[in-house]
Amino acid sequence: MPFRIGRCALFFLCVTVLPLAPCVAQSKLSLQEAIDKAIASRASLKAEAERVTAARGLQRQAGLFPNAQFQFSNENLRPGQDYSRDVDTLAVFTQPLDILGKRKARITAAASTVGKTQAELQQARLEIVQRIKLAYWAARGAQESQDLLKATVDNFKEIVDYHSARFSVGAISEQDLLRVRLESEKLQISANLAAIEATRARVTLLREMGQTEFPETTLTEPLDANSFSVQPMEISEVLDRRIEMRVARAAVDEAQAKARLEDVSARPDLDVIFGYKRTQPADAVNGLNTAVAGVQITLPFTNRNQGNRAASNAELRRQQQLLAGTEAEVRADYFAAVQEYELRHNEVVATLEPLRQHAQNIAEIGQAAYEQGGFELLRLLDAQRSRLDADLAYVQGMVSYKQSIANLQAAEGANQ
């Protein structure tokens with residue numbers, strides 16, 4: 001015989017319509033705050049910054065002139081001699097002349113290394129920003145799923161109590177009560193798993209941020225379809241903006257500067273010599289003071305730096321090939337990111353939102369039929385379970401959509 005259920009049962013039938021209970025947490029965290037904390041605290045970024053400092057130190061060293069050499073010697077030292085009268089004294093300064101383009105080539109090569117390390121630091125920073133975005137949205141989705149299941153479990157406890165009371169007066173069968181309890185236990189298991197996944201995702205996010213403590217944190221970014229839109233970009237603009245291309249070009253510039261340095265290093269080294277010599281002739285009462293002057297030059301007959309020049313030229317060709325490979329990867333990455341975003345956007349608009357609406361309609365129809373006694377409890381539970389599955393699918397779809405936006409922004413070179 002059909003019977004009407006009370007207000008508590010109606011509350012059960014509308015369980016997924018009710019707003020979720022807020023998650024109690026010690027702190028709140030937005031996406032931009034997560035990025036800022038990561039930039040400020042990541043040890044790997046600080047290590048990359050030290051590489052820039054080291055490169056600047058080498059650039060400064062490359063511009064310094066070589067030190068002079070001082071030589072002091074005595075000649076004609078024999079036993080029984082008077083040092084001031086019989087021994088010849090020689091004092092000579094030798095100054096290497098850093099000319100023939102070597103100093104300029106060293107400075108240019110060191111400056112190119114500074115440019116490359118700066119580009120690599122920027123690349124490391126943007127890679128961390130991208131990883132923070134992906135980890136944030138994964139944790140945000142896990143938090144939303146946890147809240148959804150937690151609210152469902154809390155509300156379902158009252159439904160179990162209600163059906164227990166109905167069973168005690170003989171209004172429902174024991175089988176129906178057991179089905180309700182079974183559904184409650186399944187929801188509790190799902191909620192526990194969701195809590196574990198949310199904790200794991202939050203810890204992953206905090207680890208990516210470079211944090212050493214992992215407190216309870218509420219992520220505050222809305223998990224909805226925002227007004228983000230794609231503005232088609234020319235591939236040439238993408239290639240100019242992508243940090244990977246700047247790093248690859250800087251590597252080519254560095255290889256060219258080092259190849260030029262190795263070519264210049266094959267040129268002779270030139271030193272000037274000047275000094276003082278005191279000689280005591282055997283037939284003279286007083287010694288003679290004379291000046292010493294000369295030039296010293298290396299003769300690059302056998303060693304013309306052939307090996308280093310060949311190695312540097314090979315490295316230059318390698319970096320040019322790597323630049324071409326990086327360009328191909330950037331083109332493919334941008335095309336894939338655009339396609340992923342468009343598919344995810346269409347999925348949200350054409351599939352996920354209608355899916356939620358259809359599941360809600362089915363649940364409402366089942367509720368009305370159950371109130372009139374024309375719907376079995378098992379079918380009602382299936383309808384409610386389908387609605388919960390649709391809500392969870394929507395959350396996961398929105399996470400993928402947000403991550404596709406992050407991937408597209410990174411592919412465009414605008415990941416700030």
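Among (1) within 26 Å of Ile107 (Cβ to Cβ); (2) surrounded by fewer than 18 Cβ atoms within 10 Å (Cβ to Cβ); (3) of a type in the set (Ser, Thr, Tyr), where does Ser265 come up short?
Of (1) within 26 Å of Ile107 (Cβ to Cβ); (2) surrounded by fewer than 18 Cβ atoms within 10 Å (Cβ to Cβ); (3) of a type in the set (Ser, Thr, Tyr), only one is false for Ser265: (2).
Quick check on my filter: what residues within segment 397-416 are under 16 Å from Ile128 (Cβ atoms), aliphatic (A, V, I, L, M) and crowded, with 21+ Cβ neighbours inside 10 Å?
Ala406, Ala410
Taking Ser112, is it in contact (Cβ under 8 Å) with a residue 12 or more places away in the chain and of a type in the set (Gly, Ala, Ser)?
On the way: in contact (Cβ under 8 Å) with a residue 12 or more places away in the chain: yes; of a type in the set (Gly, Ala, Ser): yes.
In short, yes.
Exposed (fewer than 13 other Cβ atoms within 10 Å of the Cβ), modelled with pLDDT of 90 or more and within 30 Å of Ala259 (Cα to Cα): which single residue out of Thr117, Thr53, Thr94, Thr108 fits that description? Steps first, please.
Working: Thr117 fails: exposed (fewer than 13 other Cβ atoms within 10 Å of the Cβ); Thr94 fails: exposed (fewer than 13 other Cβ atoms within 10 Å of the Cβ); Thr108 fails: exposed (fewer than 13 other Cβ atoms within 10 Å of the Cβ).
On inspection, the qualifying residue turns out to be Thr53.
Being within 18 Å of Leu148 (Cβ to Cβ), among the small types (Gly, Ala, Ser) and free of Cβ contacts under 8 Å to residues at least 60 places away in the same chain is the filter here, so list the residues in segment 160-201 that pass it.
Pass one, segment 160-201, residues within 18 Å of Leu148 (Cβ to Cβ): 183-201.
Applying the additional criterion that residues be among the small types (Gly, Ala, Ser) yields 184, 190-191, 194-195, 198, 201.
Across segment 160-201, the qualifying residues are Ser184, Ser190, Ala191, Ala194, Ala195, Ala198.
What number of residues within segment 248-262 satisfy the criterion of being more than 21 Å from Asn308 (Cα to Cα) and surrounded by fewer than 20 Cβ atoms within 10 Å (Cβ to Cβ)?
Within segment 248-262, residues that are more than 21 Å from Asn308 (Cα to Cα) and surrounded by fewer than 20 Cβ atoms within 10 Å (Cβ to Cβ) number 1.
From the set of residues in segment 286-311 that are polar (S, T, N, Q) and in a loop (DSSP other than H, G, I, E, B), which is nearest to Asp88 (Cα to Cα)? Spell out how you get there, then give the answer.
Residues of segment 286-311 polar (S, T, N, Q): 286, 289-290, 296, 298, 302-303, 305-306, 308.
Subset that is in a loop (DSSP other than H, G, I, E, B): 286, 298, 302-303, 305.
Details: Asn286: 12, Thr298: 28, Thr302: 37, Asn303: 37, Asn305: 40 Å.
Among them, the one singled out is Asn286.
When segment 62-91 is examined, which residues are found to be in a helix (DSSP H, G or I), loosely packed, with under 11 Cβ neighbours inside 10 Å and either of a type in the set (S, T, N, Q) or at pLDDT 90 or above (or both)?
Within segment 62-91, just Ser84 meets the criteria.
Please identify the pairs in which a residue from segment 389-409 that is more than 16 Å from Arg356 (Cα to Cα) and among the aliphatic types (A, V, I, L, M) has its Cβ atom under 8 Å from the Cβ atom of a residue that is crowded, with 20+ Cβ neighbours inside 10 Å and modelled with pLDDT of 90 or more, counting only partners at least 6 apart or on another chain.
Ile405/Tyr341; Ala406/Lys133; Ala406/Trp137; Leu408/Ala337; Leu408/Tyr341
Looking at segment 295-305, is at least one residue without any contact (Cβ under 8 Å) to a residue 12 or more places away in the chain and closer than 30 Å to Gln403 by Cα?
no
Are any residues in segment 155-190 of a type in the set (Ser, Thr, Tyr), more than 18 Å from Arg379 (Cα to Cα) and surrounded by 15 or more Cβ atoms within 10 Å (Cβ to Cβ), and if so, which ones? Don't jump to the end; show me each part of the working.
Here is the first cut: in segment 155-190, the residues of a type in the set (Ser, Thr, Tyr) are 162, 164, 168, 173, 184, 190.
So of that shortlist, the ones also more than 18 Å from Arg379 (Cα to Cα) come out as 162, 164, 168, 190.
Listed by number, the residues that qualify are Tyr162, Ser190.
Given the structure, is Asp283 over 38 Å from the mean Cα position of the chain (by Cα), acidic (Asp, Glu) and at pLDDT below 90?
Details: over 38 Å from the mean Cα position of the chain (by Cα): yes; acidic (Asp, Glu): yes; at pLDDT below 90: yes.
For Asp283, the condition - over 38 Å from the mean Cα position of the chain (by Cα), acidic (Asp, Glu) and at pLDDT below 90 - is met.
Looking only at segment 210-247, filter to residues that are in a loop (DSSP other than H, G, I, E, B) and among the acidic types (Asp, Glu); which one of those is surrounded by the fewest Cβ atoms within 10 Å (Cβ to Cβ)?
Across segment 210-247, the extreme among qualifying residues is Glu213.
Could you list, in sequence order, all residues of segment 152-168 that are over 17 Å from Leu187 (Cα atoms) and in contact with a Ser or Thr (Cβ under 9 Å, 6 or more places away or on another chain)?
Phe167
Residue-wise test of (1) under 30 Å from Asp224 (Cβ atoms); (2) in a helix (DSSP H, G or I); (3) in contact with a helix residue (DSSP H, G or I) (Cβ under 8 Å, 6 or more places away or on another chain); (4) in contact (Cβ under 8 Å) with a residue 40 or more places away in the chain.
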position: Arg249; (1), (2), (3), (4): no, yes, yes, yes
position: Ala257; (1), (2), (3), (4): no, yes, yes, yes
position: Arg267; (1), (2), (3), (4): no, no, yes, yes
position: Asn313; (1), (2), (3), (4): no, yes, yes, yes
position: Leu316; (1), (2), (3), (4): no, yes, yes, yes
position: Gln320; (1), (2), (3), (4): no, yes, yes, yes
position: Ala332; (1), (2), (3), (4): no, yes, no, no
position: Phe335; (1), (2), (3), (4): yes, yes, no, no
position: Glu342; (1), (2), (3), (4): yes, yes, no, yes
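The values are calculated or read from the model by the stated rules, or taken from the named source; none is laboratory data. Note that the coordinates shown come from a computational prediction; the quantities given were computed from them, not determined experimentally. Every residue, glycine as well, gets a Cβ built from its backbone with ideal geometry; the counts of neighbours run over all protein chains shown.
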